[in-house]
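Novice: Let me give you the structure first, and then I'll get to my questions.
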């Protein structure tokens with residue numbers, strides 16, 4: 001049995017105060033699903049509970065966090081969770097996770113403070129793909145990412161300048177995680193950001209520092225994973241992916 005209730009709007013102050021018409025409203029389904037978006041600026045949560053017949057293992061999780069520093073600012077977390085572990089498991093997951101995600105807002109702010117200086121208008125040097133310094137022409141920031149797939153890490157680094165503004169929003173980061181239990185063939189984690197805090201702010205050393213902070217944002221222990229999945233998480237960073245289209249739409 002899964003809760004079946006849509007278009008719920010809640011506040012950070014009372015994130016589990018579901019409307020009366022949602023209490024006891026169930027549907028019999030093969031899997032339960034919750035989709036919710038957290039707006040850290042307005043302190044609001046919008047969520048939907050449904051049931052379905054997806055063919056999954058015990059659970060499938062998609063998490064993304066967007067944070068855009070320039071106007072209009074963005075600070076959202078989007079989560080889709082599908083499960084068939086226990087009765088009404090999607091609602092159980094939401095109620096056990098939401099308070100920690102709210103409380104971890106300072107971690108997002110700390111990442112922002114590490115990457116962005118509103119007084120800086122020109123960046124002269126960034127790190128390239130080989131983690132070597134390169135000179136930027138009219139650079140407003142540096143871009144860098146690290147992705148781990150099949151146990152192999154890959155890095156990228158470059159300057160961001162006026163010619164890229166129409167494609168990439170200025171100065172942001174985004175956390176993305178795709179994961180399942182048992183582990184999916186498509187499990188992956190990704191970190192990418194644009195920064196202007198100082199020259200070479202996208203060095204591999206700085207990327208790894210941001211990865212460590214991002215790993216603190218998501219409360220792994222609340223998933224209720226088995227030992228094999230825990231081992232998988234231990235060796236894979238929670239990284240940030242450059243969701244160009246999604247963030248571009250959000251920034252319009």
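Novice: Go through region 108-169 and tell me which strands (runs of 3 or more DSSP E), entirely inside it, have 3 or more residues that are at pLDDT below 90.
Specialist: Numbers: elements: 123-127, 133-149, 152-161.
By residue number, 133-149, 152-161.
Novice: Still on this structure, please answer the following. Going residue by residue through region 91-105, is there one that turns out to be in contact (Cβ under 8 Å) with a residue 40 or more places away in the chain, surrounded by 16 or more Cβ atoms within 10 Å (Cβ to Cβ) and assigned to a strand (DSSP E or B)?
Specialist: The answer is no; no qualifying residue exists.
Novice: A further question on this structure: Looking only at region 170-182, which residues are buried (at least 23 other Cβ atoms within 10 Å of the Cβ) and part of a strand (DSSP E or B)? Steps first, answer last, please.
Specialist: Applying the first criterion (buried (at least 23 other Cβ atoms within 10 Å of the Cβ)) to region 170-182 yields 171-177, 179.
Those that are buried (at least 23 other Cβ atoms within 10 Å of the Cβ) and part of a strand (DSSP E or B): 172, 173, 174, 175, 176, 177, 179.
Novice: Still on this model: For region 1-89, give me every one of the strands (runs of 3 or more DSSP E) that falls completely inside it and has 1 or more residues that are more than 25 Å from residue 178 (Cα to Cα) and touching a strand residue (DSSP E or B) at 6+ places or on another chain (Cβ under 8 Å).
Specialist: Output list reads 5-11.
The values are calculated or read from the model by the stated rules, or taken from the named source; none is laboratory data. All of these numbers come straight from a predicted model, not from anything done at the bench. A quick note on method: Cβ atoms are made from the backbone with ideal geometry, for glycine too, and the neighbour counts reach across all protein chains shown.
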